[in-house]
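The structure under discussion appears below in the form of structure tokens.
The values are calculated or read from the model by the stated rules, or taken from the named source; none is laboratory data. These figures come from a predicted structure and were not determined experimentally. In this analysis, Cβ positions are derived from the backbone assuming ideal geometry, glycine residues included, and neighbour counts consider all displayed protein chains.
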């Protein structure tokens, strides 16, 4: 098992008190699994991803633990994490397109990066970098270019190669396809699959709000709502037989190629997610949920109702029983 | 019945670096937008789709070609005429979060209009007008009026901007990627709103890179590539039976929920002893003959193979044939777009480039 997260809670400090952006989250990731993490803006998906690699000073871990390859991952201890970043856990940040500094050529940037991580066999690593660059169909003169000379898709792909250069066990890919055109999205998505298949990364968490992309690249999909996990299951199950009312509404609101307004109107989800400053008690989707009933005033547990299918919803739990 | 007509519009941008090279953002683009019609303008980044919107809104002047609204060339408008033009044609842009000034309340976007267009209205009439516009975009006045932008969701902000355009009773709306920054759950509401407005007679130019969104709302579709139209026609025809290779490639790349991409593993890469990958270049051989001075090589990223290729472009046609191109690297575009021919009624396809 690549990574297991147990009851992890992460809060942001604010002058109105702590805001728990990730609330009591548990999941596991198998070796070779690409897990898609989807949710609306503000659902805590990026916070969860970031917490696994770098808790910035505004964030603090208020509970739970994380195991990576059977060892404790000390996410609250930034100094201990330092030696694990890039080698064991790596991140492709949101807006990776603007993550490359404009004043350094890529080759210089990469050797600086390797130096600061104490990597000694730099020539070998650079040769591997060139091989991977060629593998995805870019010319290796990209290394002698500045980041602004590359197109968005090329920058995104170079950033992914850089993050995965030391074959990390876990890659956190935060919105890597969001700012790209469809054809480039596809190239980046397939690149993630390819890197997993070749063992460059053992497992990955792909964070995005775009379920259609996840349907292409993810093995499992986890849906997050207002800081909590709502549902986790295999991609096919989430797409075809979702159980949580939120997942169902989310899937129903996606237009598909070939569907036009005069052939059937899609519906959105009325209302908006609750504020996390003073979150309501019980199920957080309650106010927008068409099936809400009395029991929803209590917090539903995130439990496995079928093998490999976890849901946090009272209605679903009752129907199963 | 008002019509917006874009006729042979080209736009060249001159880069400030790279020796002032010229980039063709639009190459002789022509189409008509009629009342009650939604046209989706689909293309990838750099295809010129936003530039078309800006030309129509007179934010950018075309290098050549004209835009006419009700048979009047929009470039001839005086300040006063322009004010009337903006009563009829308005735009809503991609990022609602930066369309508002965060230190003022959100409804300031309405108040600014009142000063220009509606200073004769009494407070009561004005209030009724706002309520009607908000009602048209399914917003509850109590939810949005008096709020600051950060208190509104992206979908609410975007609908408020559409309401602003409706206040003016516009005939044409340029909607530039208005959905892309919204969450899936609010996206559909904005899309359905566009359909509702279209039924009420509004003409909408829906600029997007998302094919499924374009397909959902539009009557007609235009596919743009490198500033030129490669395929246009009735949406069902273009989506149902795409003819141009580029359109087909876009269709296969669209992520769909119920259909997986066909993933073919990449081949092994040969590595020379020095660690360099053995290059397999795909640069096209230039057709014989010496290169004319106004021609130059430009590098394009090929969307089909994701490789770069160097192509030659002849910009002389757009520059009027006689204008000299200053440096050797600066160039060139022919801006002759590929020719369109009729594949079937209401479905035009360009020759391969």
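A few points about this structure:
- Total residues in the range B:51-90, condition in contact with a helix residue (DSSP H, G or I) (Cβ under 9 Å, 6 or more places away or on another chain) and assigned to a loop (DSSP other than H, G, I, E, B): 9
- Verdict on residue A:212 being free of Cβ contacts under 8 Å to residues at least 60 places away in the same chain and either surrounded by fewer than 24 Cβ atoms within 10 Å (Cβ to Cβ) or over 14 Å from the mean Cα position of the chain (by Cα) (or both): yes
- Selection count, the range B:208-227, where residues are modelled with pLDDT of 90 or more and closer than 20 Å to residue B:353 by Cβ: 4
- Meets criteria (under 22 Å from residue B:56 (Cβ atoms), touching a helix residue (DSSP H, G or I) at 6+ places or on another chain (Cβ under 8 Å), surrounded by fewer than 22 Cβ atoms within 10 Å (Cβ to Cβ) and within 11 Å of chain A (Cβ to nearest Cβ)) for residue B:195: yes
- Condition broken by residue A:253, with the remaining ones in (1) under 27 Å from residue A:164 (Cα atoms); (2) out of contact with any strand residue (DSSP E or B) (no Cβ under 7 Å at 6 or more places or on another chain); (3) within 9 Å of another protein chain (Cβ to nearest Cβ) satisfied: (1)
- For residue B:33, the conditions (1) touching a helix residue (DSSP H, G or I) at 6+ places or on another chain (Cβ under 8 Å); (2) surrounded by 19 or more Cβ atoms within 10 Å (Cβ to Cβ); (3) at pLDDT 90 or above all hold with the exception of (1).
- Helices (runs of 4 or more DSSP H) contained in the range A:119-227 and holding at least 3 residues closer than 27 Å to residue A:311 by Cα and within 10 Å of chain B (Cβ to nearest Cβ): A:211-217
- Here residue A:232 fulfils each of the conditions (1) assigned to a helix (DSSP H, G or I); (2) under 30 Å from residue A:95 (Cβ atoms) apart from (1).
- Only a single item in (1) more than 12 Å from chain B (Cβ to nearest Cβ); (2) in contact with a helix residue (DSSP H, G or I) (Cβ under 7 Å, 6 or more places away or on another chain); (3) closer than 13 Å to residue A:37 by Cβ is not met by residue A:232, and it is number (2).
- Within the range A:288-310, the residues that satisfy the criterion of being crowded, with 16+ Cβ neighbours inside 10 Å and within 14 Å of chain B (Cβ to nearest Cβ) are A:288, A:289.
- Within the option set B:94, B:156, B:90, being closer than 28 Å to residue A:261 by Cβ, within 28 Å of the chain's Cα centre (by Cα) and at pLDDT 90 or above holds for one residue only, B:90.
- Qualifying residues in the range A:260-287 (those that are part of a loop (DSSP other than H, G, I, E, B), within 10 Å of chain B (Cβ to nearest Cβ) and surrounded by 15 or more Cβ atoms within 10 Å (Cβ to Cβ)) - the one modelled with the lowest pLDDT: A:272
- Counting only helices (runs of 4 or more DSSP H) wholly contained in the range B:91-168, the ones carrying 3 or more residues that are more than 14 Å from chain A (Cβ to nearest Cβ) occupy B:108-117, B:123-136, B:154-167.
- For the range B:40-50, a residue qualifies if it is surrounded by 24 or more Cβ atoms within 10 Å (Cβ to Cβ) and outside any loop (DSSP other than H, G, I, E, B), and the qualifying residues are B:40, B:41, B:42, B:49.
- All positions within the range B:198-209 that are facing another protein chain (nearest Cβ under 10 Å) and either within 27 Å of residue B:225 (Cα to Cα) or touching a helix residue (DSSP H, G or I) at 6+ places or on another chain (Cβ under 9 Å) (or both): B:198, B:209
- Matching residues, the range B:340-353, being more than 11 Å from residue B:230 (Cβ to Cβ) and either surrounded by 11 or more Cβ atoms within 10 Å (Cβ to Cβ) or touching a helix residue (DSSP H, G or I) at 6+ places or on another chain (Cβ under 8 Å) (or both): B:343, B:344, B:346, B:347
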